[in-house]
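Below is one structure, written out as structure tokens; comments come after it.
The values are calculated or read from the model by the stated rules, or taken from the named source; none is laboratory data. This structure is a prediction, so every number in the text was calculated from the model and none was measured. Positions of Cβ are backbone-derived with ideal geometry, glycine not excepted, and every protein chain shown enters the neighbour counts. Please note that ligands, DNA and RNA were not included when accessible areas were found on the heavy atoms of the full protein model with its side chains. Shrake-Rupley method; radii C 1.70, N 1.55, O 1.52, S 1.80 Å.
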Amino acid sequence: MREDYSPRVHVALASGTRVEHPPDLPELVHMHDPAKTVLIDFTSCRPATIAPDASIDSAMNKIKVSGSRLLLVTDDNAAVIGMISACDIMGDAPLRVSESSGISHKEITLEMIMMRLKDIKVIEWSSAENSKVGHIVATMHHLECCSLPVVEEGKIRGLFCSNVISHCLGYDISEMTMHTCANSLAEIVHMHNI
């Protein structure tokens with residue numbers, strides 16, 4: 001059955017028309033401010049995802065392009081099966097995989113180094129919704145994590161990231177969360193007493 005489509009009513013774009021977008025993060029937040037102010041909310045921005053068979057080089061490129069330091073690793077049905085961060089890719093995991101399996105850097109896939117579901121801790125939206133930034137920092141410190149997914153009704157609704165929180169607070173909370181990534185091969189050697 002063929003349908004006829006008629007043009008919709010249209011007008012010229014008016015001078016001074018603004019672009020609709022989600023609210024900007026505040027320039028500075030405090031520990032007593034609502035945690036929602038530092039949440040990367042997937043109801044208003046698209047999460048960065050990648051397949052488990054992607055190379056670590058393509059993941060690093062996606063991290064650079066997306067501006068997100070963390071990618072959700074999803075299967076063919078868009079179900080989350082893991083997470084990978086820039087720290088994971090730039091850390092010692094690729095080196096360990098390469099040495100133990102005898103494969104080159106280019107052959108390493110995310111599935112080999114990603115954080116698996118069993119290791120990912122999350123917080124329920126019902127708990128995060130009325131929390132303060134300090135509660136989230138304390139939770140991340142307790143879990144020793146840099147990223148804390150927020151789930152609601154079986155879906156990841158958003159993400160708390162230490163780099164976003166640090167930026168908004170105006171100081172680095174990575175010491176509080178006790179998880180940092182190496183910035184060089186020398187730091188990896190030092191961290192692992194190689």
Worksheet, complete the sentence: In nanometres, the difference between 0.36 nm per residue of separation and the alpha-carbon distance of Thr37 and Thr74 is 10.7 nm
Response to the item:
The answer for the chain, accessible area per residue at 1.4 Å probe in Å², is 66 Å²
Item to complete: Set the Förster radius R0 to 25 Å, insert the Cβ-Cβ distance between His135 and Leu28 as r into 1/(1 + (r/R0)^6), and round the FRET efficiency to 0.05.
Response: 0.85
Discussion item. Can you compute the modelled spin-label distance between Thr17 and Lys121, with each label point 7 Å from Cα toward Cβ, in nm?
Written reply: 4.9 nm
Fill in: Among Val133, Val97, Val164, residue whose mean-square fluctuation peaks in a GNM of the chain (springs only between Cα atoms under 10 Å)
Val97
Fill in: Ser6 paired with Lys106, simple spin-label distance in nm, labels 7 Å along Cα-to-beta-carbon
5.9 nm
Worksheet item: What full-extension length gain, to one decimal in nm, is calculated for Arg46 and Lys64 as 0.36 nm per residue of separation minus the Cα-Cα distance?
Response: 4.9 nm
Worksheet entry | Pairs of Lys in the chain closer than 30 Å at Cα, counting only those 8 or more apart or on different chains | 22
Worksheet item: Can you list the equivalent-ellipsoid semi-axes of the chain, largest first and in whole Å, using the square root of 5 times each Cα gyration tensor eigenvalue?
Response: 34, 25, 17
Worksheet entry | Using alpha carbons only: equivalent-ellipsoid semi-axes of the range 1-100, gyration tensor based, whole Å | 37, 25, 13
Worksheet, complete the sentence: Within the under-10-Å Cβ sphere about Ala51, not counting Ala51, Lys/Arg +1 and Asp/Glu -1 give a net charge of -4
Fill in: Mean ellipticity per residue at 222 nm, deg cm²/dmol - from DSSP H runs of n ≥ 4 across the chain, formula -39500 (n - 2.57)
-8500 deg cm²/dmol
Worksheet entry | Cβ-defined net charge surrounding Ala35, 13 Å radius [Lys, Arg +1; Asp, Glu -1] | -1
